Amino acid sequence: MAALLSPLRVCRGILREIRASKGPEYKNSLAYNYVLEQFRKNQVTGERHCRAREEALHASNSYLCLLSSTRQHIALYDLYHGKGQRGTEEMAGVVGLRLPTQPGGKGWEK
Amino acid sequence: MLRNCLRLHSRLGHSLSAPNVCPSRQALKGLPLLNGNTKLYSIITERKKFYEDVSISQGDGGMFEINLDRRKLKTPGGKLFKAPNEALAVAVANEWDTQKDTLKFYSMHLTTLCNTALDNPSLRSKDQMITAALKYLETDTICYRVDEPPSLVELQNNEWDPVLNWIEDRYNVVIGSSTSILGPEIPQATMETFRQHLGSYNFWSLIGLEYVITQLKSVVLALALIDKRMTVEQAVLLSRLEEEFQIGHWGNVEWAHDVDLYELRARTAAGALFVQFSSESSTVKRKLMQD
């Protein structure tokens, strides 16, 4: 049933997420180096069958999911989450109106 | 009133995160306290970032600690933050490291879970947690079926039955499904089997497992995920099956459905990882080089 991504794709996916969240100096970050080291360590040997590989693969898949979902959630949250009350002018703009610039509105001076 | 709200929060089990580093703890002193001496929760959701570097170090007892600049990270309860293994510590450190100008505590799920495990804000024992988790089995998402419309009935049968059959085989129990509002009758033997199985988890894993169960609203899906039968994406999809069906029919609304979906995925993934990290032990065997 499980449709796990291959190790290489997961590894690249995680590193891409770290780069996206860390910016240019991502290569010095703790997580970047740790992830890379873990993936190198867990390359399969030809010698014995190991369940741990699947475990590691499943964990890395979950981690990729965690990173990408968190990023997308924050993006949507920033876009849609309420930022408190709006000002009168902005609120008028939402329904396509403008506030009068003169005290009594149009025709005040007549 | 406020006190009631806070009590409700603590009963829900998970400390809303907002961890504290010691110098700034005074900020919240005015709030009523639940049990007088320690504050195990916080209503802060965002804070200005106050550090540059994040690193981890191994303290005594082999536990890993998080350093923000030169200060040690602490839990909302004021304890020293400790993670049992390096992978978890690195993941938590990464959460702190990737925050931009403000700390968004609601996006730091692994930190929250560690805080819950360290502080245990609702002061529950393992038995109480197992009972609370198993309550979800009585109203498990995938045991409640609809009897119309036919296409949804078919979808539910096709998607949920394999998981239900799998868990009945795997644990040798009877669960069954139902279309009535009362749900299926779960036999006592089934509950006992699961109670014993959950008893074999350690405290940290149980915190994670209960978190996954409450997110997915399903014991069956949570166990299938923890047993690595399915990925996080699949578990979340099955948990939201009816919603996905309705979206397919009526259309997707980004500010509700997608926000929900990504948050649920993130939380579920964090819970699953937390269980795996807290229950694994790894050994390394090197190949002997032959000349």
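The values are calculated or read from the model by the stated rules, or taken from the named source; none is laboratory data. Note that the structure is a prediction, hence the values are computed from the model and not measured. Here the Cβ positions follow ideal geometry from the backbone for every residue, glycine too, while neighbour counts run over all protein chains shown. These area figures cover heavy atoms from the full protein model, side chains too; ligands, DNA and RNA do not enter into them. Shrake-Rupley method; radii C 1.70, N 1.55, O 1.52, S 1.80 Å.
Across segment A:16-30, the qualifying residues are those that are at pLDDT 90 or above and either crowded, with 17+ Cβ neighbours inside 10 Å or in contact with a Leu (Cβ under 7 Å, 6 or more places away or on another chain) (or both), and the one among them that is farthest from the other protein chains (Cβ to nearest Cβ) is A:GLU17.
In segment B:94-120, which residues are crowded, with 22+ Cβ neighbours inside 10 Å, assigned to a loop (DSSP other than H, G, I, E, B) and more than 15 Å from the chain's Cα centre (by Cα)? B:THR98 - this is the single residue of segment B:94-120 that is crowded, with 22+ Cβ neighbours inside 10 Å, assigned to a loop (DSSP other than H, G, I, E, B) and more than 15 Å from the chain's Cα centre (by Cα). Filtered by the rule that a residue be over 19 Å from B:ASP53 (Cα atoms), over 19 Å from the mean Cα position of the chain (by Cα) and assigned to a helix (DSSP H, G or I), segment A:10-44 gives A:LEU36, A:GLU37, A:GLN38, A:PHE39, A:ARG40, A:LYS41.
Checked against the criteria, B:ASP169 does not count as within 30 Å of B:LEU80 (Cβ to Cβ), open to solvent by 20 Å² or more (accessible area, probe 1.4 Å) and of a type in the set (D, E, K, R). Residues in segment B:236-281 that are of a type outside the set (D, E, K, R), at the interface with chain A (Cβ under 9 Å from one of its Cβ atoms) and open to solvent by 70 Å² or more (accessible area, probe 1.4 Å): B:TRP255 only. A count restricted to segment B:121-166 and to residues that are aromatic (Phe, Trp, Tyr) and open to solvent by less than 30 Å² (accessible area, probe 1.4 Å) stands at 1.
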